[in-house]
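K.L.:
Sharing a structure with you now.
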Amino acid sequence: DAAQQETLFQTRIDAEEKIEPKDWMPEKYRQNLIRQISQHAHSEVIGMQPEGNWITRAPTLHRKCVLLAKVQDEGGHGLYLYSAAETLGITREELIEGLHSGKAKYASIFNYPSLTWADMGAIGWLVDGAAIVNQVSLQRTSYGPYSRGMVRICKEESFHQRQGYHIMMTLARGSAEQKAMAQDALDRFWWPSLMMFGPHDAESAHSAQSMKWKIKRQSNDELRQKFVDQSVKQAEVIGLTIPDPDLKWNEERGHYDFGEIDWEEFTRVINGDGMCNRQRLAHHIRAHEEGQWVRDAITAHEAKQRERAAS
Ligand code: FAQ
């Protein structure tokens, strides 16, 4: 019966077995995974916009090639993740509909504008940096297709992080104006990057169950702390200052203490009222509508192939 199946399922999870698409799973496990993976996929795809904004204005041909490749990678990550979500019995159309209707979320960070070239540095360094900390942990998630997707995504993401850090390093070593531009990007992206890890553990609606099912392997606060600890040294090396007067090494804890996130801003942005929420969604809807003829052409081509194979 159902209770027995649930116990057996938890035994498999506790034994570190991966759950595969055709295995029995509790309905809430399935729904929670669809929510998290779809949010993750939408983030990758919406995340192409802030950087896409700078491809035509990259300062050198080399930087342009790198940025172009990076943005394409994010689109690819979105596709792996949509495929992983589809193995749970939801269609691509339903997933996109969830994004367009506002039912499904995507990472709050992509609702902040990219104002200068230095933002390409800050996004790669901090946003991809935060994404990696989270995704390295998710490589061990209990759902097989998600876990395997994360392994590949992490490899690409670490290159993204380094290209961003390299932009910041170059600007920080440049003229006074360039260094100021890098500092300004850090000032604007620091706090939103910390918000990427989600609410405090005590406030996190899904954490307890997701940790039990090993969908999540480390908590929001644990991962955020890890990110802060690694970023402090990286900022020091390039001579930039993290905009947090409360940031201080805590010998006893063996970690940096840091200031409180503006949770009112966080709530506002995840509920649709950030600086760029409307623009990001409108852009996605327009691109999706403009791409309808491609989907129609593929469907027509497939139908023709099937017809030919049958005759
Ligand atoms: N933004 O109970 P929790 C990338 C939502 S990296 C928006 O703690 P959970 C790469 C949460 O979904 C970014 N919504 O939830 C890239 C839930 O929503 P509900 C993508 C947020 O799931 C780099 C509610 O609040 N990475 O794209 C945020 O246990 C550069 C309650 O929160 C991932 O998605 C937020 N920051 O923990 C691309 C990683 N935080 O139920 C381009 C996978 C929370 O109300 C350029 N996801 N929410 O609909 C996760 O690890 C988890 O879902 C967390 C949240 C940790 C994000």
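K.L.:
Between region 155-207 and region 58-136, what's the alpha-carbon centroid distance in Å?
P.N.:
Cα centroid to Cα centroid, the span is 14 Å.
K.L.:
Can you tell me the order of 255-261, 67-73 when each peptide is scored by its average per-residue count of other Cβ atoms within 10 angstrom, highest first? Please list the in-between numbers first.
P.N.:
Values: 255-261: 14.9, 67-73: 17.1.
With the highest mean Cβ count within 10 Å placed first, the list reads 67-73, 255-261.
K.L.:
Choose one answer from Asn220, Asn271, Asn134: the residue with the largest mean-square fluctuation in a GNM of the chain with alpha-carbon springs under 10 Å.
P.N.:
Result: Asn271 has the largest fluctuation of those listed.
K.L.:
Note the full-extension length gain between Arg268 and Ser101 as 0.36 nm times their separation in residues minus their Cα-Cα distance, in nm to one decimal. The partial results should precede the final answer.
P.N.:
Working: separation 167, 0.36 × 167 = 60.12 nm, distance 1.73 nm.
Here the segment from Arg268 to Ser101 would lengthen by 58.4 nm.
K.L.:
Roughly speaking, to the nearest percent, how much of region 45-180's 1.4 Å accessible area is carbon and sulfur? Before the final figure, lay out the partial values.
P.N.:
Details: 3300 of 5600 Å².
Of the solvent-accessible surface of region 45-180, carbon and sulfur hold 59 percent.
K.L.:
Can you give me the accessible area per residue for the chain, using a 1.4 Å probe, in Å²? Don't jump to the answer; show the numbers that get you there.
P.N.:
Numbers: 15970 Å² over 311 residues.
Per-residue value: 51 Å².
K.L.:
In the chain, with Lys and Arg counted as +1 and Asp and Glu as -1 at Cβ, which of these residues, Gly124, Ala180, Ala287, has the Cα nearest the positive end of the dipole, that is, farthest along it?
P.N.:
With unit charges placed on the Cβ atoms, the residue in question is Ala287.
K.L.:
Between Glu16 and Arg306, what length comes free when the chain is fully extended (0.36 nm per residue of separation minus the Cα-Cα distance, one decimal in nm)?
P.N.:
Details: separation 290, 0.36 × 290 = 104.40 nm, distance 4.18 nm.
Roughly 100.2 nm would be gained on extension.
K.L.:
A further question on this structure: Report the charge-dipole magnitude of the chain in Debye, nearest 20, computed about the Cα centre from +1 at each Lys and Arg Cβ and -1 at each Asp and Glu Cβ.
P.N.:
Working: 38 positive and 44 negative charges, 207 e Å.
Using only the charged Cβ atoms, the result is roughly 1000 debye.
K.L.:
From the square roots a ≥ b ≥ c of the eigenvalues of the alpha-carbon gyration tensor of the chain, which class results: rounded (a/c under 1.5), prolate (a/b over b/c), or oblate? Walk me through the numbers on the way to the answer.
P.N.:
Values: a/c = 2.01, a/b = 1.24, b/c = 1.63.
Oblate is the answer for the chain, as a/c is 1.5 or above yet b/c matches or exceeds a/b.
K.L.:
Continuing with this model, one more query. Roughly what would the spin-label model give for Asp257 and Gln292, points 7 Å off Cα along C-beta, in nm?
P.N.:
Inter-label distance under the simple model: 5.8 nm.
K.L.:
Roughly how compact is region 202-311, stated as its Cα Rg over 2.2 N^0.38 Å to two decimals? Walk me through the numbers before you get to the answer.
P.N.:
Working: Rg = 23.8 Å, N = 110, 2.2 N^0.38 = 13.1 Å.
With N residues counted in region 202-311, Rg over 2.2 N^0.38 Å equals 1.81.
K.L.:
What residue among Thr11, Pro192, Leu79 has its Cα farthest toward the positive end of the dipole of the chain, where the charges are +1 on Lys, Arg and -1 on Asp, Glu, each on the Cβ?
P.N.:
Working it through, the farthest residue towards the positive pole turns out to be Leu79.
K.L.:
Give me the aspartates and glutamates in straight-line cross-link reach of Lys212: C-alpha distance below 19 Å, same-chain residues under 8 apart excluded.
P.N.:
Excluding near neighbours in sequence, the set is Glu6, Asp14, Glu16, Glu17, Glu20, Asp23, Glu27, Asp201, Glu203, Asp221, Glu222.
K.L.:
Something else now. Please sort 2-12, 175-185 by packing, taking for each peptide the average over its residues of neighbouring beta carbons within 10 angstrom, highest first.
P.N.:
Numbers: 2-12: 11.9, 175-185: 16.7.
My ranking of the peptides, most packed first, is 175-185, 2-12.
K.L.:
Just subtract the alpha-carbon distance of Leu61 and Lys28 from 0.36 nm times their residue separation and send over the number in nm, one decimal. Can you show the working numbers first?
P.N.:
On the way: separation 33, 0.36 × 33 = 11.88 nm, distance 4.85 nm.
Contour length minus Cα-Cα distance gives 7.0 nm.
K.L.:
Obtain the nm distance between the two label points defined at Asp229 and Thr87 by a simple spin-label model: each point lies 7 Å from its Cα along the Cα-to-C-beta direction.
P.N.:
In this crude spin-label approximation the distance works out to 3.1 nm.
K.L.:
Continuing with this model, one more query. Which one of Ala235, Ala202, Ala104 has the biggest mean-square fluctuation once the chain is modelled by GNM with Cα springs under 10 Å?
P.N.:
Greatest mean-square fluctuation among the candidates belongs to Ala202.
K.L.:
Using Cα positions and a limit of under 17 Å, work out the lysines in reach of Lys216, with same-chain residues fewer than 8 apart set aside.
P.N.:
Within the straight-line cut-off, Lys216 pairs with Lys18, Lys28, Lys226.
The values are calculated or read from the model by the stated rules, or taken from the named source; none is laboratory data. Every value quoted in this text rests on a predicted model; they were computed, and no experiment measured them. Using ideal geometry, Cβ is built from the backbone for each residue, glycine included, and neighbour counts are taken over all protein chains shown. Please note that ligands, DNA and RNA were not included when accessible areas were found on the heavy atoms of the full protein model with its side chains. Shrake-Rupley method; radii C 1.70, N 1.55, O 1.52, S 1.80 Å.
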